[in-house]
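The values are calculated or read from the model by the stated rules, or taken from the named source; none is laboratory data. Since this is a predicted model, take the numbers as computed values, not measurements. Every residue, glycine among them, receives a Cβ derived from its backbone with ideal geometry; neighbour counts consider all protein chains shown. Ligands, DNA and RNA are stripped out before the accessible areas are found, and what is left, the full protein with its side chains, is counted by its heavy atoms. Shrake-Rupley method; radii C 1.70, N 1.55, O 1.52, S 1.80 Å.
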Amino acid sequence: MSTGRGFEHPAFFMRYEIEISGIEAAPQGSKIRTRYGMREASERLGPWRDAVRVEALAACGELIEEACSVAVEFRFLRPKGDFGAKGNLRPSARTHYTAKKNDIDKCCRSLLDGLTGAAFADDCYVVVLSACQRYCLPGERPGATVTIQTLS
């Protein structure tokens, strides 16, 4: 019996859910020229990629070596200026995360590099990528929620 979306049997799909908590995503891609060569602009990149790798190794079984999709939701802390003296959110605070320091495409790049060798053999296997970024809800920690699923 066909569902119109191809053969779907859970035994043939790999699905991993990874929660990275307590650290904000760091962008990868911007470089700084030094007298010794080029280096990443973000000093937060190394610790972020390490956190991604640790959580992925804990959550994932075998490495994915086929086409897969990655869905990620990045969570960032709100700036202190978004809150009033009593700790309430100001009416003028932005609804969507649009800070200039964490481009979503560069955060995805650092995430995929951190997942390489821990969740999938190479990030070239990622053929579908869905990403969003938002501010943390009250009491929520910064980080990311990642879902990886094979497509065939």
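Which percent of the accessible area of the chain is formed by carbon and sulfur heavy atoms (probe 1.4 angstrom)? Answer for the chain: carbon and sulfur cover 54 percent of the accessible area. Taking the inverse of the mean 1/r over every pair of distinct Cα atoms in the chain gives a Kirkwood hydrodynamic radius of 17.1 Å.
Volume per residue for the stretch 18-81 equals 148 cubic angstrom (convex hull of Cα atoms). Here the dipole of the chain is about 1120 debye; that uses its Cα centre as origin and unit charges on the Cβ of Lys and Arg (positive) and Asp and Glu (negative). So if we plug the beta-carbon distance of VAL128 and ASN88 into 1/(1 + (r/R0)^6) with R0 = 35 Å, what FRET efficiency do we get, rounded to 0.05? Rounded to the nearest 0.05, the efficiency is 0.35.
Summing Cβ point charges (Lys, Arg +1; Asp, Glu -1) relative to the Cα centre of the stretch 49-101 gives a dipole of roughly 820 debye. Across 10 Å bins from 0, what is the distribution of all Cα-Cα pair distances for the stretch 46-90, in whole percents? Answer for the stretch 46-90: a P(r) of 18, 33, 21, 19, 9, 0 percent. Helical content alone sets the calculated 222 nm signal of the chain at -5500 deg cm²/dmol, taking -39,500 (n - 2.57) per DSSP H segment of four or more residues and averaging over every residue.
DSSP assigns beta bridges within the chain; of those with both partners inside it, close to 65 percent run antiparallel. Taken as Cα centroids, the stretch 43-89 and the stretch 96-111 sit 11 Å apart, rounded to the nearest whole angstrom.
Computed with a 1.4 Å probe over protein heavy atoms only, the accessible surface of the chain comes to 62 Å² per residue.
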